[in-house]
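Participant: One structure coming up, written as structure tokens, with questions to follow.
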Amino acid sequence: MKYEVVIGLEVHVEMLTKCKLFCSCPNRFVAEPNVNTCPVCLGFPGALPQMSREALQQALTASVALNCDIALYSYFDRKNYFYPDMPKGYQISQYYIPLGSNGYLEIDDDRGDYKRIGIGRVHMEEDAGKLVHEGGGMAGGSSMVDYNRAGVPLIEIVSKPDLSSPGEARRYLEKLKSIMQYSGVSDCKMEEGSLRCDANVSLREPGEKQLGIKTELKNMNSFRAVEKSLAHEIERQAGILNSGDIVATQTLRWDEDSQETIVMRGKLEADDYRCFADPELAPIELSGVEVEKARQSLPEMADKRAGRFVEEYGLPEYDAGVLTASRCLADYFESCLQLFNKPKEVSNWVMGELSAHLNNAGVEADQASFAPEDMAELLKMINNQEISGKIAKEVLDKAFKGGKKPRQVVEEEGLLQISDQSELETIVERVISDNSDTVESYRGGKSKALGHLVGQVMRETRGKANPQLVNELLVKKIDG
């Protein structure tokens with residue numbers, strides 16, 4: 001492409017607090033609409049907000065984790081606009097003085113080199129409600145409002161326009177998600193709306209200093225959707241510029257069905273919100289001691305943990321990177337390791353079979369019924385030659401889906417490994433007799449033929465035969 005791509009991301013992260021930002025309503029995801037509401041978050045006249053200290057602490061934690069400068073004095077503003085999901089007619093946010101500013105995080109660029117992405121601001125704000133459309137919604141059906149989410153504490157993290165490709169944008173989001181999860185600020189579940197992303201994208205001639213006309217992308221509910229929608233929008237803008245036209249300043253949404261961006265509206269300028277300081281909320285004053293305490297209280301982050309996994313457990317860098325990308329997965333690995341201290345074996349199963357089941361089920365490691373002690377029990381059975389690796393995969397599948405213990409599955413299904421030599425000798429002799437051509441091939445120097453014979457024995461025993469013993473018996477019977 002002959003144009004330089006410039007991308008900035010605005011990410012809303014829902015904080016893991018017990019209550020909403022300005023009232024005592026519980027901050028939890030529920031299916032039944034309008035049950036977590038009160039006069040404050042519904043915007044009733046005379047209902048006075050009071051800031052959650054827990055939310056402030058988590059916002060501070062997020063800001064120091066993103067290497068931000070911290071404003072020791074800040075306050076809340078009213079961002080005025082009308083929309084049915086905003087009960088007060090304004091949103092309480094931090095417009096003029098954000099809690100955190102001038103931060104950064106580091107990612108790999110498209111060449112695999114480290115690249116620092118600037119964080120322009122991190123500020124607190126309350127969430128809006130949610131519109132639920134039925135029968136076509138505003139286009140002829142009905143629209144209802146669920147205010148459970150109204151007043152939920154958010155931090156908005158605004159990157160600087162330092163991202164140069166859809167791939168970099170995705171890696172930025174993955175890194176940001178990791179930092180928020182490790183710091184305990186958010187679970188970042190996009191399917192529940194606890195991490196939402198808008199993107200600003202523009203194109204300019206290579207070497208040009210001034211930014212091109214940008215468009216805003218919304219409705220991207222996965223990292224994959226962010227990457228695909230940015231790629232589509234870049235191609236669309238390039239086509240407009242190539243034809244000699246000018247890109248319009250618009251807000252677009254990504255349509256997953258048609259795989260294209262669709263215009264929603266012309267983009268508002270910031271002045272249209274008429275922001276002013278909220279007169280009902282006291283300013284936020286922090287001390288340098290509080291900020292330093294928050295910085296010193298940060299837990300071990302993914303990069304440092306990955307280095308420890310390499311040094312302490314002898315894992316390859318690739319394994320360490322995959323395991324620590326998710327805090328839940330890394331915690332699962334270390335919990336399992338306390339019960340079965342063979343790091344590489346645990347790593348292989350957690351990264352492979354377990355992760356595949358987690359992805360298919362759409363859950364994190366800490367949400368699965370197959371706990372670390374279950375994985376340790378499974379691996380011990382393999383190590384003790386009670387079951388083979390092939391049978392273990394079957395056991396994991398049934399235990400994961402059925403909520404049973406691995407040993408319970410083995411006993412109920414009769415899957416214990418056959419290591420009785422006399423029992424296996426009978427089967428081996430029958431396989432040798434039934435596969436004389438393969439036996440002659442092996443005797444003729446074709447070593448791969450032995451693998452075929454082993455497979456026949458394993459098939460007859462439904463994978464339960466001890467493969468090492470089968471190999472020994474076949475070689476002994478054929479060469480003897």
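Each reported figure results from applying straightforward, stated rules to the coordinates on display, with no laboratory input. Just so it is clear, the structure is predicted and the values come from calculations on it, not from any experiment. Every residue, glycine among them, receives a Cβ derived from its backbone with ideal geometry; neighbour counts consider all protein chains shown.
Participant: Here is the link list: 401/464; 304/398; 18/293; 88/209; 404/477. Which ones come out longer than 32 Å on Cα distance?
Facilitator: Those over the limit are 304/398; 88/209; 404/477.
Participant: Take every Cα pair under 8 Å in the chain that's 6+ residues apart, average their separations, divide by the length, and report that relative contact order as a whole percent.
Facilitator: After rounding, I find 14 percent.
Participant: Another question about this same structure. What 222 nm value per residue comes from the helices of the chain, counting each DSSP H run with n ≥ 4 as -39,500 (n - 2.57) and dividing by all residues, nearest 500 deg cm²/dmol?
Facilitator: Only helices count here, giving -12000 deg cm²/dmol.
Participant: How high is the FRET efficiency between residue 295 and residue 243 when r is their beta carbon distance and R₀ equals 51 Å, given to the nearest 0.05?
Facilitator: About 0.50, to the nearest 0.05.
Participant: Got the relative contact order for the stretch 4-291 handy, in percent, Cα pairs under 8 Å and 6 or more residues apart?
Facilitator: Relative contact order of the stretch 4-291: 24 percent.
Participant: Output the 0 to 90 degree angle, nearest 10, between the alpha-carbon long axis of helix 467-479 and the longest principal axis computed from the alpha carbons of the chain.
Facilitator: In the chain, helix 467-479 runs at an angle near 30 degrees to the longest axis.
Participant: Pairing the Cα long axis of helix 53-65 with the longest principal axis of the chain, what angle in degrees results, from 0 to 90 and rounded to the nearest 10?
Facilitator: Long axis of 53-65 versus the principal axis of the chain: about 70 degrees.
Participant: If each residue of separation counts as 0.36 nm, what is the full-extension length gain between residue 204 and residue 339 once their alpha-carbon separation is subtracted?
Facilitator: The span from residue 204 to residue 339 would gain 43.0 nm if fully extended.
Participant: May I ask for the distance between the Cα centers of the stretch 313-346 and the stretch 78-127, given as a whole number of Å?
Facilitator: If you average the Cα positions of each part, the centres end up 33 Å apart.
Participant: Of (i) 47, 24, 18; (ii) 42, 31, 21; (iii) 54, 27, 23, which is the value of semi-axes √(5λ) of the Cα gyration tensor in Å derived from the coordinates here?
Facilitator: Answer by label: (iii).
Participant: Given R₀ = 41 Å, FRET efficiency for residue 69-residue 468 by Cβ-Cβ distance, to 0.05?
Facilitator: Calculated transfer efficiency: 0.10.
Participant: I've got another one for you. Whole Å is fine, so just give me how far the alpha carbon centre of the stretch 192-253 lies from that of the stretch 15-45.
Facilitator: 34 Å
Participant: What order, most packed first, do the peptides 21-28, 34-41 have when packing is the mean number of other Cβ atoms within 10 Å of each residue?
Facilitator: 21-28, 34-41
Participant: Please compute the net charge surrounding residue 204, taking Lys and Arg as +1 and Asp and Glu as -1 over other residues with Cβ under 11 Å from its Cβ.
Facilitator: The answer is 0.
Participant: How much length would be gained if the chain were fully extended between residue 408 and residue 213, taking 0.36 nm per residue of separation minus their Cα-Cα distance, in nm to one decimal?
Facilitator: 64.0 nm
Participant: Convex hull over the alpha-carbon atoms of the stretch 154-273: what's its volume per residue in Å³?
Facilitator: 130 Å³
Participant: What's the angle, to the nearest 10 degrees (0 to 90), between helix 421-434's Cα axis and the longest principal axis of the chain?
Facilitator: Around 80 degrees separate the two axes.
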